[in-house]
Structure formats: C-alpha cells, structure tokens
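Just below is one structure, and these are the notes that go with it.
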4 protein chains.
Amino acid sequence: MTRVARSPFVFSFRVSLHDTDAAGVMFFAHLFRHAHDAYEAFMTDIGLPLDALIRAGKTALPLVHAEADYQAPMRHGDRIDVEVRVADVARRGFRLSYRFLDATGQSAATALTVHVRVRPGTTGAEALPDELAAALRARQANDEPA
Amino acid sequence: MTRVARSPFVFSFRVSLHDTDAAGVMFFAHLFRHAHDAYEAFMTDIGLPLDALIRAGKTALPLVHAEADYQAPMRHGDRIDVEVRVADVARRGFRLSYRFLDATGQSAATALTVHVRVRPGTTGAEALPDELAAALRARQANDEPA
Amino acid sequence: MTRVARSPFVFSFRVSLHDTDAAGVMFFAHLFRHAHDAYEAFMTDIGLPLDALIRAGKTALPLVHAEADYQAPMRHGDRIDVEVRVADVARRGFRLSYRFLDATGQSAATALTVHVRVRPGTTGAEALPDELAAALRARQANDEPA
Amino acid sequence: MTRVARSPFVFSFRVSLHDTDAAGVMFFAHLFRHAHDAYEAFMTDIGLPLDALIRAGKTALPLVHAEADYQAPMRHGDRIDVEVRVADVARRGFRLSYRFLDATGQSAATALTVHVRVRPGTTGAEALPDELAAALRARQANDEPA
C-alpha cells in the first residue's frame, strides 16, 4: 500500500498465501483483485477516492471490460509493484492500464480495465463528472509511457 | 449445489483450484465462504431466500460470531457435503452448525455461525420475524443430531 | 453445479452474497472465478478433470490471457447459466469462450481464457497431450455457435 | 501494509470495494483473509517469513481453529489497524489473537487463530522449531495486554 511519488502511479503489494493455488503460483483471477486495489489507491491519489464517489450517490464507474496477460508466475511472498497509467479518457468513460513488475523490474503481467460513468438508479452511460475527467487527463499528460 | 431431501439439510460442493493455496489444501478462510453458501441454500430450502430478505429491506441477519475447527485437509477436486443444522433459536438471533464431510463420510471440518436480526438503518438487535423463527424451530425439531 | 446434457456445455450457479460488493452487483473479478469453476466442470465433462491432470504432474495449463465484457449487472440470488465453448485448439494451447446468461436468456457477460500447456518444473510451452487435444477438438466440432 | 514499530505488532489495511457485499459492509469471511495477511506480516516482523518457512519444506503451520467476533460493521474505504498478539505458545503450536480497530480506536472485531506445526508429508503435530518458539515467546513477553 506504499506509494512512490512519481509518474506513473505505483501501488505495491506482497503475494499472500491466499493469492496462490495448489499449482504454487498466483491464481489468475486474483490479479484483477489487486488491479482493483491499485485502481482504488490511484483514485485516492488523484483526490477522488472511490468510496466517497460511491457514497455521494451520483457516480458509479462500473467496468465494462477487463483483460490481463500473464508473462511470469507470481509466487507467495513476492513483492509486486503495479504501475497504473491512464490509457484513455473519453466523454463517458476511461481506460486504465496496469503493469505488474517483480522485484527485478521484469513484467509478470499486464492488465487493462475499461470504466464507464453511470448514474446509480438509471441506465446508460453519462458524461464523466468534469472534476474526474480533468484529473484523469492531467495524470495522463504527466505519465511516462509504459 | 445439489441437495438431498433429508434432515439435516445438505449442501454439496467440489473444492476448486482457487479454494486451495500453495500448501496444496483449502485455505482456511474459504471454508467460511462455503459455509455461507450452505447457509444461503438452507435459507432458500426453508422458504426464506436471503436475497429476498435483504431486498425487502426490513431484515438483515449479520454474523456476530463465526468459528471453525479443521480436522483434515480438503484438496482440489474433493467433493464435500456440508450438513447444516439449527443449533439454537433465540428471540433476536440464531446459531447454525455445519459439518464438512469428505467422500468417505469423515469430518474434515466443523463450523458455527451466530446471526442476529437487525433492521437496516437502525442499531441494536430486534426480535426475529415470526415466520423466520417458526421455520428455524421447525427445522431444528426435525434435525437428526450431529 | 447442475449441467444440462447438450452442446455447448452449461455450468450453472447462483450469485452469492459474497459475489456482490457495496455497489449491489457482482464484483467484476469474481466473474473470472466462476469462469474457472465452469472450466473445471467442463474438463470433468470431457473426461479430463483438472485436479487429476495437476496431480499426475506432467501437465499444467496456466492462463496466459483472460478477458471479460460486462453487459448487465448480476445481482445476489440471480441464477446464471455459463455456456462454455472451445474457441480454438492450437498445438500448444487452447482458448475457451464463456457466455453468462441470466434467467431470461439475456447475456450478462462474456469471457475468454487462453491456456498453454506447460510441463511443471520446466519453462516454455509444449504440445498438448494427444488425449486432451482430441477431446477439445471433438467438443469444438460438436458445439453450436454462440 | 504499513506497520508501526511498537508492541503489539500492528498491520493496517483499507477496506476495499471487494471486501464489501451488497449489504454495504465487509463480508464476514474476508476478515479471516485480513487476519492471515496480518499473521504473514507478523511472521516477517519476527524474522520468520511464512513463504520462506513453507519453501524450506520442513514446517507447515496449518490452522486447526479460527474464530471471530464482530462488534461493528467495516465499510468501504475504512482504514483498519489490526493488532496481533501472541496469546499462547505450546510445545506443538501457538495461538494468535487479533483486534481490528477503526480510525477512532474502537474495536470493530476480534479474532483468534490456532496453529500447529506439521512436517509436510507426515501426519500428526510435531514440536515447533526452536527458533520459532523462541521468537514467539519473546514477542509474547513484550506485548502489552489487549
């Protein structure tokens, strides 16, 4: 949960015993849980914590797509740095990309999540709140490429 | 998710790869997830599905206590039968007990959950709805002892 | 966990309370857990249960890619049918596609997993065991298109 | 994952969206996942990281009992401090107790885990390795009472 002050945003975690399966390595689906933890920490970093957004009741940001590519196994006890970058900001949604780096800086996995803005209780995507769109674009402009 | 028509109520599942950890056996916390799945199936069986109760908005049944004892490891692919019994019905809550049996009928684990009735948006426990108390007591009277 | 004898293979489950999050709908990452449960049931259906394959020690089938598209929220208590199809069989791996259908037959989500064959303890993909390749191709030939 | 240098050992985390369920609060079983994360951090703190112990192949420390009491709901975004104390060290096992404190220092939950030492591939508990027993006793002597 530590975070280094640089661009891109970096979220770190250690692979827990419960992240692994009987094959001895991280179960693939748990990568998405960690990607979401990185996303939550990123949202807090840009000043718009997800829990506050959800409680305010005007904005939900459900995922409409998620994907991951796995390059190397992650094992119990490994420390992983997740780089989070703003890949795209559109009128009604945005894309975040993630790189999971092991202690030697090698990429163990990459992931992508696509979010749209929905107003709870209604259907259909709406325009992102201005403050969120601005914060995402500012971050995107500042990110080093992956 | 199959269920045999007898007393006690039995909920069956197969140990998935993601239930296990790098030590090769079911991670202890996942037992509680399966216990809750068994509880949800039990509530449906007594005619009071938990999702309908929660949506109706008058009754939440949060756990105030949970415990488990682990007697034997459960491995990937094992078929487990979970016996669910009503251990106790009180004015404002109830206790359920669970036995996790392997394919040979040996006990791999036991568990206990204690639930109280809360009215969403208020604090403090309240009396169980009559229909729920009656259904639990009827089941309790009918259960063979563990 | 029931399964209807037809092509494609169908795996059914009910959305548990622990599948949902505070936004009231299934947390996106849990879809991949259910996809893997469907994959495990599929492997058992074609006569090659994953737990037996892993224990035999010659074949692991790690995922190198996973993705999902979310069309409609899945809620606590919803019964979901997962259709599993063999999308592609290559020399050293295969692709499975999944459709998550709600009780009205509408698609709530789709997913794709890409698996390669690895020999535990070595690096690099190897040819699929003949028996597995044959079973996957037979199923693929028999599947109705999505 | 930050940790304050004092006794008892403290492990901190933030309640993620995926920790919660449709009732809006942390799903009870996830408390045990966080307790295990706290236990892993504790083991690293006393110089005996669990992943290294497991990989060395001579010592597994499976849980034979786990329990929790829930006093107050934990919500998305809440920061929780988990105090970990050595409750008991016996010849072949040990007990750890956990207090989950919210940002105001109120107890939201308590938990207990009981571990025994097993030699992988054999059955029956064995004496704790001397180094582990000594480290646990030293910590126990140093802990402030809960």
> Is at least one residue of segment D:46-57 touching a helix residue (DSSP H, G or I) at 6+ places or on another chain (Cβ under 6 Å), under 18 Å from D:D19 (Cβ atoms) and buried (at least 21 other Cβ atoms within 10 Å of the Cβ)?
Replying inline: no
> In segment C:60-70, which residue that is within 14 Å of chain B (Cβ to nearest Cβ) and open to solvent by less than 40 Å² (accessible area, probe 1.4 Å) is farthest from C:A135 (Cα to Cα)?
Replying inline: C:A66
>> Could you check segment B:37-70 and list, in sequence order, the residues that are in a helix (DSSP H, G or I) and among the hydroxyl-bearing types (S, T, Y)?
In response: B:Y39, B:T44
> Is it fair to say A:A56 is in contact with a Ser or Thr (Cβ under 8 Å, 6 or more places away or on another chain) and modelled with pLDDT under 95?
Replying inline: no
> Within segment B:30-45, can you find the residues that are more than 12 Å from chain D (Cβ to nearest Cβ) and in contact with a helix residue (DSSP H, G or I) (Cβ under 7 Å, 6 or more places away or on another chain)?
Replying inline: B:M43
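Condition check ((1) among the polar types (S, T, N, Q); (2) more than 11 Å from chain B (Cβ to nearest Cβ); (3) under 19 Å from C:E144 (Cβ atoms)) across all residues:
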position: C:F28; (1), (2), (3): no, yes, no
position: C:D51; (1), (2), (3): no, no, no
position: C:G77; (1), (2), (3): no, no, no
position: C:Q106; (1), (2), (3): yes, yes, yes
> What strands (runs of 3 or more DSSP E) completely inside segment C:71-146 contain at least 1 residues that are aromatic (F, W, Y) and crowded, with 16+ Cβ neighbours inside 10 Å?
Replying inline: C:93-101
> Can you pull out the residues in segment C:6-26 that are among the polar types (S, T, N, Q), within 11 Å of chain B (Cβ to nearest Cβ) and under 21 Å from C:L112 (Cα atoms)?
Replying inline: C:S12
> Residues of segment D:20-35 being over 17 Å from the mean Cα position of the chain (by Cα) and under 12 Å from D:F100 (Cβ atoms), which ones?
Replying inline: D:M26
> Which condition breaks for B:R91 when tested against (1) over 26 Å from D:A35 (Cβ atoms); (2) touching a residue at least 24 places away in the same chain (Cβ under 8 Å); (3) within 12 Å of another protein chain (Cβ to nearest Cβ)?
Replying inline: (3)
> For segment A:3-45, what are the residues that are surrounded by fewer than 22 Cβ atoms within 10 Å (Cβ to Cβ), of a type in the set (V, I, T) and touching a Lys or Arg at 6+ places or on another chain (Cβ under 7 Å)?
Replying inline: A:V10, A:V25
> Which pairs do you get when a residue that is touching a residue at least 40 places away in the same chain (Cβ under 8 Å), found in segment A:16-33, comes within reach of a residue that is among the hydroxyl-bearing types (S, T, Y) and open to solvent by 10 Å² or more (accessible area, probe 1.4 Å), reach meaning Cβ atoms under 7 angstrom, with the pair 6+ apart or on two chains?
Replying inline: A:F28/A:Y70
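The values are calculated or read from the model by the stated rules, or taken from the named source; none is laboratory data. Being a predicted model, the structure only gives us computed values, none of them experimental. Every residue, glycine among them, receives a Cβ derived from its backbone with ideal geometry; neighbour counts consider all protein chains shown. For the accessible areas, the whole protein counts, side chains as well, though only heavy atoms, and no ligand, DNA or RNA atoms are used. Shrake-Rupley method; radii C 1.70, N 1.55, O 1.52, S 1.80 Å.
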